Every structure is written in C-alpha cells, then in structure tokens.
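The values are calculated or read from the model by the stated rules, or taken from the named source; none is laboratory data. Treat the numbers as computed from the prediction; the structure is a model and nothing was measured. FYI the Cβ positions are ideal-geometry reconstructions off the backbone, even for glycines, and counts take in every protein chain you see. Just so you know, the surface numbers come from the protein's heavy atoms only, side chains and all, with ligands and any DNA or RNA stripped out. Shrake-Rupley method; radii C 1.70, N 1.55, O 1.52, S 1.80 Å.
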Amino acid sequence: GTTLDEAIGWHQTAMRAKRSAERSIATIREESERHLADWLKRPLASITRQECAQRHLRITERAGPYAANRALQHFRAVYNTAGRRLEELPPSPTVAITFNRIRRRREPVTWAGLPEWRSRVEAIRNPIRRDLQLFILFTGLRSTDAKTVRWEHVDFEACTLHRPKPKGGEDRAFTVPVSTPVLELLQRRREQNHLLYPDDRGWVFPSKDMQGRVTHVAQTKEQRYDAMGRKVGHLPSAHRLRDTFATAGHEARVHPLDLKVLMNHSLPAGDVTEGYIRPSIAHLRGCCEQIAEFLQ
C-alpha cells in the first residue's frame, strides 16, 4: 500500500544520503506534482504499464518531449528506490514507455551574431539581469551556478569564484579564477545592488519571488511578447552561452584540459598522464583572460 507520495519521500532521503544537490532533490517532487499529481495518493503497485505509456504520451503532447521524459524518468527512479525496500513490488511499469529521442543542442552564438546579442543584452532594463547574461557568457557557468552566486563565494583579492554545490553535488565543488571583465562586473554589482535591493540577502544577482521575498534570479532566460501576444525568446538560453564560451576557448587556443577545468567537466580518467594534471589558479587565470579577450 505504499503510495507514490511516500516513495518520493524515500527517494529524496536516498538522494540526500548521496549528497545530491538540494535543487535536484526538490525537482523530483515539483515535477511529480506538476505531471503526476493524480497518482501521488495511489499505491505504487496499482500504477500499470499502460497508464505509464499513456501518461508519457499525454505529457509529450502538452509539455513537450523533454518534460515527458523527465517526469517518467523521475517516476522510474522513485519506483526503483521503493523496489529495493518492498520485496512484493512488481517490476517497474515504465518498461512500457518508448522514451522520446532528445538531441543535445550545440548552438553557440555565432561570431557574426555576437554584436546583435550584445545589443539585445544592453536593451534589458534591469541592470542585474543585464549583467547576469554577460556573467554567463564570460564564465561559461551553468545557469544554476551563475544565478545562485553569493558574495561569500567571490574572493576579490584572489580574483576567484567558488561554486560549492554545482551539478553533481558537493563532491564536484570547484574554484576558478575570473577574467578582468567579470571582476569589473562583480564590482559593479557590489556597488549598485543596494540601489535596487538595500538588503540583497547576500545574492550577487538578487530578485524577488512571488511573495515579495528577496532571493536570487529565478530564471536566466529572457522572453518578450510578439504581436500575437505569444512569448518568444529574446535571447538564446544560458546553455547556448556556455556553448559560446567553450567555442571561444577552442578558437582562442586554450588547451582542452584547461577548458574542462574552467567548465567543471570531468577530467579524463583513462589517460594516466592527464589524470595527474591539475592546473594552477594562476595558469587558469591566463586562460580566462584569453577567452575574454577573444569574446571582446
């Protein structure tokens, strides 16, 4: 009689034991409540293969292939966690699902299009959101890492930035140097934030939530309404800027291993020699400046 709601709680506990990021833990429940709300009070064993396949198709039609895959993959992970506790639980009904094929988009902003991108950024009225776009471009950070930077993560003396809980959790924490344009941007935000938010609560890119409480910027994407009243993308997504940073690093002749470190990608494990290499902050600072100069 264990319900989906109870199983989600078990799975979240297991994720915390593995020191997963809190944002990832919260997402499990948020997306389950959004797409599987009518299943939450049902016993897990009562959810059938046919229901899983039909729900996946329905979410695909309403919210898109990516959302459908995520919702049922979350369900599968929760079900498997429960299955390790409950001997009588049948095999996961998600075996009936043909998951949508998702292609990883790799679309950096073209060099010919970069001036137009910069013009659109400069047209953003909110200076905090404007600087956030530039910050992502010049650091190559993931969206969540960028928007959740706090002042205690910035070392102005050492010119470095620390991310304590990136993708992968605390075990993937990293510190990288920042280039001159980024340092100037951070100094500008430190001086100007108090004009909009007298108490920024420690956030470098503060905003307010629906209840009026000061928190970090919730969404990095910038959208506008077209003539038909539909939302359209005003700027490419934050991950496209990450693609742009990586491409700039390549064309600026930054070594691939150094670029991996700056972007917090896993270092190669198969190569014995490269497995020993850990670039210094001083060396990486030069790489950051190369990329910043190329982008400028």
Selection from the range 135-189 of residues that are hydroxyl-bearing (Ser, Thr, Tyr), under 18 Å from the mean Cα position of the chain (by Cα), under 23 Å from residue 283 (Cβ atoms) and not in a strand (DSSP E or B): 139
Pairs, first charged (D, E, K, R) in the range 245-260, second in a helix (DSSP H, G or I), C-beta under 7 Å, six or more apart: 251/294; 258/284; 258/287
Give the residues of the range 151-172 that are free of Cβ contacts under 8 Å to residues at least 40 places away in the same chain and buried (at least 18 other Cβ atoms within 10 Å of the Cβ), sorted by residue number. 161
If the requirement is being assigned to a loop (DSSP other than H, G, I, E, B) and surrounded by 15 or more Cβ atoms within 10 Å (Cβ to Cβ), which of these qualifies: 72, 89? 89
Please verify whether the range 133-150 includes one or more residues that are surrounded by fewer than 17 Cβ atoms within 10 Å (Cβ to Cβ), modelled with pLDDT of 90 or more and hydroxyl-bearing (Ser, Thr, Tyr). no
Does the range 33-62 hold any residues that are touching a residue at least 24 places away in the same chain (Cβ under 8 Å), part of a helix (DSSP H, G or I), out of contact with any helix residue (DSSP H, G or I) (no Cβ under 6 Å at 6 or more places or on another chain) and not hydrophobic (A, V, I, L, M, F, W, C), and which are they? 34, 50, 51
Residue 95: passes all of (1) open to solvent by less than 30 Å² (accessible area, probe 1.4 Å); (2) under 15 Å from residue 57 (Cα atoms); (3) in contact (Cβ under 8 Å) with a residue 40 or more places away in the chain but (1)
Every pair of residues 6+ apart whose Cβ atoms lie under 7 Å, when the first sits in the range 98-115 and is over 16 Å from residue 137 (Cβ atoms) and assigned to a loop (DSSP other than H, G, I, E, B) while the second is open to solvent by 80 Å² or more (accessible area, probe 1.4 Å) and modelled with pLDDT under 90: none
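Out of 175, 180, I need the residue that is touching a residue at least 24 places away in the same chain (Cβ under 8 Å), surrounded by 13 or more Cβ atoms within 10 Å (Cβ to Cβ), within 19 Å of residue 290 (Cα to Cα) and touching a Ser or Thr at 6+ places or on another chain (Cβ under 8 Å). Which one?
Working: 180 fails: touching a Ser or Thr at 6+ places or on another chain (Cβ under 8 Å).
Step by step, each of 175, 180 is checked, and only 175 is touching a residue at least 24 places away in the same chain (Cβ under 8 Å), surrounded by 13 or more Cβ atoms within 10 Å (Cβ to Cβ), within 19 Å of residue 290 (Cα to Cα) and touching a Ser or Thr at 6+ places or on another chain (Cβ under 8 Å).
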Suppose the filter is open to solvent by 60 Å² or more (accessible area, probe 1.4 Å), of a type in the set (Lys, Arg), in contact (Cβ under 8 Å) with a residue 60 or more places away in the chain and part of a helix (DSSP H, G or I); does residue 120 pass it? yes
